[in-house]
Amino acid sequence: MKNNKKGFTLVELLVVIAIIGLLSTLAVVALNNARQKARDARRVSDVKQIQTALELYYNDEGGYPNTVVTGSAITGATSLVTYMNAVPGNPTPTTDGTLCGGATGDYTYTMQNTNASYTLDYCLGASTGGIDAGLHKATPAGIQ
């Protein structure tokens, strides 16, 4: 008596499942790297936009603002011109703090020299646009 059953063996099914698992793992890793690079690119873009708003403020007001708060507008003290509707915050998840001494919060603005200068601290998780990973400062002179 012949037994002509057609189908896949258990070994063949296990090999296919293992290959699919390997390919999906590689895809997830690539996606996570792309997400981190996108967050870093957004951080650099946010800092440049904040710097532009601060320079416009300086030109009209003769100095930099005393404070810049995430989510709040940058508005002129005397001219009442709005230079930025809402200061952007650090994109989430902010898991890049291990490179920055645990600093995982929003961008930190510090006015210096009685409104004549400022520093804007931010952190990158990986090298982006020629800027190395880690904690950086933006000043009126540019991004460091």
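Each value in this text was obtained by applying a stated rule to the coordinates, not by laboratory testing. Here the structure is a predicted model, which is why all the values come from computation and not from measurement. So basically every Cβ, Gly included, is an ideal-geometry build from the backbone, and we count neighbours across all protein chains shown.
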Check: Say R0 is 30 Å: what FRET efficiency, to the nearest 0.05, do V28 and T52 get from their beta-carbon distance?
Finding: 0.25
Item checked: Candidates L56, L23, L13, ranked by Gaussian network fluctuation over the chain, Cα under 10 Å, top entry -> L13
Next item on the list: Taking every pair of Cα atoms in the chain, average 1/r, invert it to obtain the Kirkwood radius, and report Rg/Rh to two decimals.
Entry: 1.36
Checklist line | Length-normalised contact order of the chain in % [C-alpha pairs under 8 Å, at least 6 apart] | finding: 19
Checklist line | Stretch in the chain that is longest and holds no trypsin sites (Lys or Arg not before Pro) that DSSP places in a loop and that have at most 14 other beta carbons within 10 Å | finding: 7-144
Next item on the list: Can you figure out the FRET efficiency of L135 with T114, using R₀ = 35 Å and their beta-carbon distance, to the nearest 0.05?
Entry: 0.85
Note to self: Can you compute the charge dipole magnitude of the chain about its Cα centre, using +1 on each Lys and Arg Cβ and -1 on each Asp and Glu Cβ, nothing else charged? Give it in debye, rounded to the nearest 20.
What the structure shows: 1060
Item checked: Selection from G7, Y64, T82, by position along the positive dipole direction of the chain (Cβ) -> G7
Notebook entry, point to check: Once phi is turned into ³J(HN,Hα) by the Karplus curve 6.51 cos²θ - 1.76 cosθ + 1.60 with θ = phi - 60°, what whole-Hz value does each residue of segment 108-121 show in order, with x for glycine and proline?
Noted result: 10, 9, 9, 7, 9, 6, 6, 6, 8, 7, 7, 10, 10, 8
Check: Can you tell which of D121, D132, D40 shows the greatest fluctuation in a Gaussian network model of the chain with Cα springs below 10 Å?
Finding: D132
